[in-house]
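J.: Please find one structure pasted underneath; my questions will follow.
Quick note: the coordinates plus some simple rules give every number you see, no bench work behind them. As the structure is a computational prediction, the values presented were derived from the model and not from experiment. Every residue, glycine among them, receives a Cβ derived from its backbone with ideal geometry; neighbour counts consider all protein chains shown.
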Amino acid sequence: MSQFFQIHPDNPQPRLIRHSVDIIRQGGVVVYPTDSAYALGCHIGDKNALDRIRRIRQLDDRHNFTLVCRDLSEIATYAKVNNAAYRLLKHNTPGPYTFILRASSEVPRRLKHPKRKTVGLRVPQNSIASALLEDLNEPLMSVSLILPGDEYPLIDPYDIRQTLEHDVDLVIDGGYCGMEATTVVDMADDTPLILRVGKGDIAPFDD
């Protein structure tokens, strides 16, 4: 049965953040809040946890996961970012965007797009997510919490707990964080391409 932590959305309790990160490092699958919706996350190097998330979401091997990063410098570790892309990222992170970029050699092969060798990265503007990433000291492997057959993410932590209490190791109740997905921007080539319109404003990328 999953654990259930109520973490303050503005001032996350350090003890609960540390305990959450311990669960992630030990191979746990966690539900955590972001600036767009609740998400499923696990340790970047844990294939078993990744497979568990695939089963929960009923995803095939072709579905791309996102690396959720602390800041822009961490993105630069896992992606190849040219000067023009860097400027755009600097002005739009943190925020409700997922950026598709050329993956660096730091990214595990199973997380890269098999043909394009790209990876999705994002920096959420959420105090709990930021605290988790700071303590973890590396990105979270992550995917939105949209269950099979649903059109929108789950938004109520108590519903999430009831639905997934035997499938995940921890549900973090960070209050209401919305149900709108991120805006997805493909920046692997010279011209940004909007792949999905979500919560993030598309104007900076839609020249």
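J.: Note down the net charge around ASP51, summing +1 for each Lys or Arg and -1 for each Asp or Glu among other residues with Cβ under 13 Å from its Cβ.
T.: Local charge sum for ASP51: +2.
J.: Can I ask one more? Can you give the convex hull volume per residue for the Cα atoms of the stretch 27-144, as a whole number of Å³?
T.: That works out to 91 Å³ per residue.
J.: With +1 on the Cβ of every Lys and Arg and -1 on the Cβ of every Asp and Glu, and nothing else charged, how large is the dipole of the chain about its Cα centre, in debye rounded to the nearest 20?
T.: The calculation lands at about 820 debye.
J.: So how many Lys-Lys pairs in the chain land under 21 Å Cα to Cα, not counting same-chain pairs under 8 apart?
T.: The number of close lysine pairs in the chain is 8.
J.: Also, I was wondering about something else. When you have a sec, figure out the Kirkwood radius of the chain from all distinct Cα pair distances and drop it here in Å to one decimal?
T.: 17.0 Å
J.: Please report the net charge: other residues with Cβ closer than 15 Å to the Cβ of SER130, K and R +1, D and E -1.
T.: Summing Lys and Arg as +1 and Asp and Glu as -1 gives -4.
J.: Still on this model: Take the stretch 90-185, compute every pairwise Cα distance, and split them into 10 Å bins from 0; I just need the percent in each bin.
T.: Result, from short to long distances: 13, 39, 38, 10, 0 percent.
J.: Under 1.5 on a/c is rounded, so check that first for the stretch 76-142, then, if it is not, pick prolate when a/b is larger than b/c and oblate when it is not; a ≥ b ≥ c are the square roots of the alpha carbon gyration tensor eigenvalues.
T.: Here the stretch 76-142 falls in the oblate category.
J.: If Lys and Arg each add +1 and Asp and Glu each add -1, what is the summed charge of the other residues whose beta carbon sits under 14 Å from the beta carbon of ARG15?
T.: Once positives and negatives cancel, what remains is -1.
J.: Now, a different point. Given the -39500 (n - 2.57) contribution per DSSP H run of 4+ residues, what per-residue ellipticity at 222 nm results for the chain, rounded to the nearest 500 deg cm²/dmol?
T.: Calculated at 222 nm, the ellipticity per residue is -8000 deg cm²/dmol.
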